[in-house]
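Here's the structure we're looking at; comments come further down.
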Amino acid sequence: LAERGMTVVAAAGNWGPADGTISCPGNAVRAMTVGATEAEAVVPYSSRGRPEQTKPDLVAPGTIEIGRFRFSGTSISTPIVSGILASLYGAYDRQKVPGCLSMGCVDLGFARHQQGYGQIDARKILEVLQDGKNTG
């Protein structure tokens, strides 16, 4: 799908905190791999890449509470990123949106193979798109 121009968003998985725990499909080079955060920190269960690997690509909140129930996992983080991207694709050039992610994330202070570019921030991505500062 990625080779045909589709954006493939994949969960990093919940096998952290050891390095090298991201598996298929999250370890695919062209997949946009999403790890999980809570309280502006990468959560221990979020899978990590290896130090020489550029995965995950970014992180997003990984916990949702509905009534008495609490759900956690990178499968919570991934649709947040998918929804942000889908909303931006409707208003901006589809080819430029992914290139804005590196500038539209908040660095949480973790290693690149733990947090990717950082935590996705829809407002920052929107600012980058509106300013035309993206390179891709």
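The values are calculated or read from the model by the stated rules, or taken from the named source; none is laboratory data. Keep in mind that what you see is a predicted model, and the values were worked out from it rather than measured. Cβ placement follows ideal geometry from the backbone for every residue including glycine, while neighbour counts extend to all protein chains displayed. Surface areas here come from the heavy atoms of the whole protein model, side chains and all, with no ligands, DNA or RNA. Shrake-Rupley method; radii C 1.70, N 1.55, O 1.52, S 1.80 Å.
Odds and ends about this structure:
- Database remark: amide H of Thr37 closer than 5 angstrom to the amide H of Val43, Ala60, Gly62 (H placed geometrically; neighbours at sequence offset of 5 or more, or on other chains; Pro and chain starts carry no H).
- Note on the chain: with neighbouring protein chains present and a 1.4 Å probe, carbon and sulfur make up 54 percent of its accessible heavy-atom surface.
- Taken per residue, the accessible surface of the chain reaches 54 Å², heavy atoms only and a 1.4 Å probe.
- P(r) weight above 17 Å for the chain, C-alpha pairs, percent: 55
- Other residues whose C-beta falls under 12 angstrom from the C-beta of Ile22 contribute a net charge of +1, scoring Lys and Arg +1 and Asp and Glu -1.
- Relative to the current alpha-carbon distance between Arg4 and Asp107, full extension at 0.36 nm per residue lengthens the span by 34.0 nm.
- Distant-in-sequence amide H partners of Met32 (H built 1.01 Å from N, under 5 Å): Val8, Val9, Ala10
- Among Gly26, Gly83, Gly104, the largest mean-square fluctuation in a Gaussian network model of the chain, built with springs joining Cα atoms closer than 10 Å, belongs to Gly83.
- Proximal charge balance of Gly35 [Cβ under 12 Å; K/R count +1, D/E count -1]: +1
- With R₀ fixed at 30 Å, the C-beta to C-beta distance from Asp19 to Phe71 puts the FRET efficiency at about 0.70.
- For Tyr92, the amide hydrogen comes within under 5 Å of no other amide hydrogen, counting only partners 5 or more places away or on other chains and with H modelled in the peptide plane.
- Normalised convex hull volume, region 78-124, alpha-carbon set, Å³ per residue: 73
- Taking the longest Cα principal axis of the chain as reference, the axis of helix 74-89 is set at about 10 degrees.
- With Cα atoms, 0 to 90° folded angle of helix 122-131 axis to the chain main axis: 20
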